[in-house]
Each structure stands twice: as C-alpha cells, then as structure tokens.
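Below: one structure, written as structure tokens.
The values are calculated or read from the model by the stated rules, or taken from the named source; none is laboratory data. Keep in mind the model is a prediction, meaning the values are calculated, not measured. A quick note on method: Cβ atoms are made from the backbone with ideal geometry, for glycine too, and the neighbour counts reach across all protein chains shown. Surface areas here come from the heavy atoms of the whole protein model, side chains and all, with no ligands, DNA or RNA. Shrake-Rupley method; radii C 1.70, N 1.55, O 1.52, S 1.80 Å.
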Amino acid sequence: MERQSTNTVLMIRPENFGYNTQTAADNTFQTKPKKEDIEKSIQDSLGKIGDFVKADRCYLVKYDFEKQTCTNLFEWCSSGIAGRIHQMQAIPFIKIPDWARRHQSGEVLYIEDSSRLEDEAEKYWLEQFDIKTLLAVPIMSQNGCFGYLGLNFIKKIHEYQELEQRLLSNYGQLLLTLLKRKSNEEEIIEKTNE
C-alpha cells in the first residue's frame, strides 16, 4: 500500500496482492460449473469477494424496470452478521428512488457513513439493515442495467477503495455471463419438456 504525496487517500494497488482485479474475479470460478452448481458457485464466490475486501455483506441485486422493483438474488454474510435476503424481495423503487436511475447511467453508489445522509428516507432504509457504509456497483449488459453488486460494512465505517469498484465490476460481468448461461440452459430444458 502506498500513500500518494498530493493526496491523503490510501491507495490499494492490485499488484500488491500478487494479481490484478480481473484475475481475482476470474479466480472466483475455478471451473465452468454445471447448471445445478451455478447457484452454489455464485454463493461461494460472493464469500470470496466479501472476505477479500473485508465486507460484512456481499450480494447481487436484480432490477425489474417493468415492475419498478429490485430483488436480492444472492447474499453472503460474514460471521455474526444477519442475512437480509428475505427482506429484499420485490422492493419498490420508491423506497430507494435514486439508486436505479443512477445505476442505469452506470454510476457507482457509495455511501461512506449512512448516519450523515441528509435524505431521511435513504438514511432510514440503510439503518434498518444496520449498514454504515455501502458500495453498490452497477452490472451493465447490452440491454442496460441488470442490477448491482453490493458491499455492506456494518461493524465499522469503511473508506472506499478503487480496487473494490474494479473488482466488483469485473466480477459482475462474470456473474452476468453465468446467469445468462443458467437462463439459456433452463430455456432449453423447458423446450425439450414441451
């Protein structure tokens, strides 16, 4: 780790960890999993990402722009942290109105300290999930924004590092590929059963 002389922000360089962010994201999937193993692979890989960045929660959320909702598809929690996946099903955009719009434009959402938020609704939303710091990186596909990968820091406030954003962006593209593969395989099975 190095400090830049003109800036007091602590910079984490990927090469200090012996590999780059793409390699870290690629290594979360050692092999091409079979359809039935895809969900387990995603769950396990969320844990690897969460452990790597020392997050308390790491999760994948899918947007449904037609229904104006978002749904948590997968979630990993560190030891002692309560899962919230069951509370994050078909959440109306109105509860977090800016997030979908900002993610659609490719913007990363970073809230360093939820207690300092001026927007009371957003502050309440994060506090009910015990979130002190949030990083939410959009997952972009050819059709627009699929959803986002989120990191929550619950035990303490966390200063965002560019490495975390790059890691989540690369990882998000891998997840999107896996989810498309799973969907394609399900469609093929459905058609052969007709």
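In the context of the full protein assembly, ASP51 retains an accessible surface of approximately 100 Å², using a probe radius of 1.4 Å and ignoring ligands and nucleic acids. In this label model, GLU162 and ALA82 are separated by 3.8 nm, measuring between points 7 Å along each Cα→Cβ vector.
The simple spin-label model puts a point 7 Å past each Cα toward its Cβ; for ASN143 and THR71 those points are separated by 1.4 nm. Figure note: TYR124, TYR59 ranked by solvent-accessible area, largest first, 1.4 Å probe, ligands and nucleic acids not counted: TYR124, TYR59.
By its C-alpha gyration tensor, with a ≥ b ≥ c as the square roots of the eigenvalues, how is segment 58-167 shaped: rounded for a/c under 1.5, else prolate for a/b larger than b/c, else oblate? Taking the square roots of the gyration eigenvalues as a ≥ b ≥ c, segment 58-167 is rounded.
For SER183, the solvent-accessible surface with a 1.4 Å probe is about 50 Å², rounded to the nearest 10. Largest accessible area first, the residues HIS158, HIS86, HIS103 order themselves as HIS86, HIS158, HIS103 under a 1.4 Å probe with ligands, DNA and RNA left out.
Once you've got the Cα coordinates, tell me which of LYS132/LYS180; LYS67/LYS132; LYS123/LYS155; LYS95/LYS182; LYS67/LYS155 are over 27 Å apart. LYS132/LYS180; LYS67/LYS132; LYS95/LYS182; LYS67/LYS155, as the Cα separations exceed 27 Å there. Solvent-accessible area of THR177, all protein chains in place: 90 Å² (probe radius 1.4 Å, heavy atoms, ligands and nucleic acids excluded). Computed over protein heavy atoms with a 1.4 angstrom probe, the accessible surface ordering of TRP76, TRP99, largest first, is TRP76, TRP99. Once both labels are positioned 7 Å from their Cα atoms along Cα-to-Cβ, the gap between LYS123 and ASP44 label points is 4.3 nm.
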